[in-house]
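One structure is given below, encoded as structure tokens.
The values are calculated or read from the model by the stated rules, or taken from the named source; none is laboratory data. Model, not experiment: these values are computed from the prediction. Backbone-built Cβ (ideal geometry, glycine too); neighbour counts: all protein chains shown. Each accessible area value is taken on the protein alone, full model and side chains, heavy atoms only, with ligands, DNA and RNA left out. Shrake-Rupley method; radii C 1.70, N 1.55, O 1.52, S 1.80 Å.
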Amino acid sequence: QVQLAESGGGLVQAGGSLRLSCVASGRTFSTYPMGWFRQAPGKEREFVAAIRWSDGITYYTDSVKGRFAISRDRTKNTMYLQMNSLKPEDTAVYYCAHGIPPTLNMADYWGQGTQVTVSS
């Protein structure tokens, strides 16, 4: 079983920044990347970013490229999502995800989510 503990998030003004953290515990081994999804009110969950744990290769959805950066610290078993130049459209519940397959539409384990609200 994998447990994902998230922190960060909050309310920020448009153009501001936030950094989300996700600490993984339990059995965390997977050949698939780890990453982040988000879900805005009334919308379906969407993929945001992922990182391959072994070599650090990253993947991003087009809407966040150049603004968000995903990273990981293998010694701490922790993953981060640095979010810059935030827009109101980024408002959503952000979920840490473990074991994301190439389809980028599911995961083996999920965090409980953390609210990110961007005001204009």
Review point. Looking only at the stretch 88-120, which residues have a backbone nitrogen under 19 Å from a spot 7 Å from the Cα of Arg74 in the C-beta direction?
Key: 98-100
**Study point:** Directionally averaged shadow of the chain, computed from the convex hull of its alpha-carbon atoms, nm²
**Key:** 6.8
Study note, to complete from the structure: Extension length gain for Asn84 and Gln1 (0.36 nm per residue less Cα distance), in nm, is 26.6 nm
Exercise for review: Return one whole number: the accessible area per residue of the chain in Å², for a 1.4 Å probe.
Suggested key: 54
**Study point:** Kirkwood Rh and Cα Rg combined as Rg/Rh, the stretch 71-120
**Key:** 1.01
**Study point:** Largest to smallest accessible area among Asp73, Asp62 [probe 1.4 Å]
**Key:** Asp62, Asp73
Exercise for review: Give a quick list of chymotrypsin sites (Phe, Trp or Tyr not before Pro) in the stretch 22-107 that DSSP marks as loop, anything other than H, G, I, E or B, with at most 11 other Cβ atoms within 10 Å.
Suggested key: Phe29
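Count the net charge of all other residues whose Cβ sits under 15 Å from the Cβ of Asp62, scoring Lys and Arg as +1 and Asp and Glu as -1.
Local charge sum for Asp62: +1.
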Point to revise | For the stretch 52-58, Karplus couplings with θ = phi - 60° (6.51, -1.76, 1.60), whole Hz, Gly/Pro x | key: 6, 4, 6, 10, x, 5, 10
Study note, to complete from the structure: Amide H contacts under 5 Å for Val48, restricted to residues at least 5 apart in sequence or on another chain and with H modeled in the peptide plane, are Trp36, Phe37, Arg38
